[in-house]
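What follows is calculated from the coordinates using simple rules that are stated; it is not laboratory data. In this text, all values refer to a predicted model and were calculated from it rather than measured experimentally. With ideal geometry, Cβ positions are generated from the backbone for all residues, glycine too; neighbour counts draw on all protein chains shown.
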Amino acid sequence: GESRARCIAMQPTEGMVRGMTAVDLGEPISVPVGRKTLGRVLGVLGQDRSVDLLARIAATKNGIDGAVRASALVALGRINAERSLPVLLSGIGTGDVEVRRAAAQALGLTRRADAKPKLLTAYLKDPDIQVRNFAAMSLARIGGPNVANALLGGLNGTNARSLRGFSA
């Protein structure tokens with residue numbers, strides 16, 4: 001009433017002052033829906049908060065079960081956001097085997113060439129056979145020059161030579 005808008009700010013209000021003219025857009029607050037938003041954590045205005053939340057979960061070493069961290073890593077791989085790559089790369093070097101397996105799988109989901117050196121190291125040197133298998137599958141998924149030779153070298157036991165001759 002009285003030609004006044006009484007509002008609650010949903011975002012920062014820098015630059016707004018009392019008495020400023022407001023424009024009625026004729027529609028309520030809305031957020032995106034559909035296949036692209038499934039499994040995502042959205043802010044009130046539809047901002048994707050899932051990468052930050054999942055990265056915090058995946059990076060927390062104390063107090064969060066390895067299975068939960070592993071699930072967060074796989075979800076980050078599926079989302080494939082640029083800022084999730086450091087978390088995925090650090091996950092492959094952790095002491096928790098379940099987390100290493102998930103990180104090796106998730107890096108393949110990203111198809112990022114810059115993940116190949118860490119994946120190759122995991123394929124050639126990780127003590128867990130499942131980590132090595134996920135790393136091999138991820139390397140094959142990413143592809144590129146020298147991947148086939150590096151994978152074959154690992155099978156033939158020429159690990160050191162394969163690692164030196166591998167380029168991302």
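Arg101 sits among other residues whose Cβ lies under 12 Å from its own Cβ, and their net charge, with Lys and Arg +1 and Asp and Glu -1, is -1. Each Cα pair under 8 Å and six or more residues apart adds its sequence gap; the mean of these over the residue count of region 45-84 is a relative contact order of 44 percent.
Relative to the current alpha-carbon distance between Asn80 and Leu53, full extension at 0.36 nm per residue lengthens the span by 8.3 nm.
As an exercise, identify the trypsin sites (Lys or Arg not before Pro) in region 87-143 lying in DSSP coil whose Cβ has no more than 16 other Cβ atoms within 10 Å. Provide the component values of the computation, followed by the final result.
Working: sites: Arg100, Arg101, Arg111, Arg112, Lys118, Lys125, Arg132, Arg141; in loops: Arg111, Arg112.
When the trypsin sites (Lys or Arg not before Pro) of region 87-143 are filtered for loop state and at most 16 Cβ neighbours within 10 Å, Arg111 remain.
Counting pairs of alpha carbon atoms under 8 Å apart in space and at least six apart in sequence, what relative contact order in percent does region 95-156 give? Computed value for region 95-156: 36 percent relative contact order.
With both labels modelled 7 Å from their Cα along Cα-to-Cβ, the Gln11 to Ser30 distance reads 1.6 nm.
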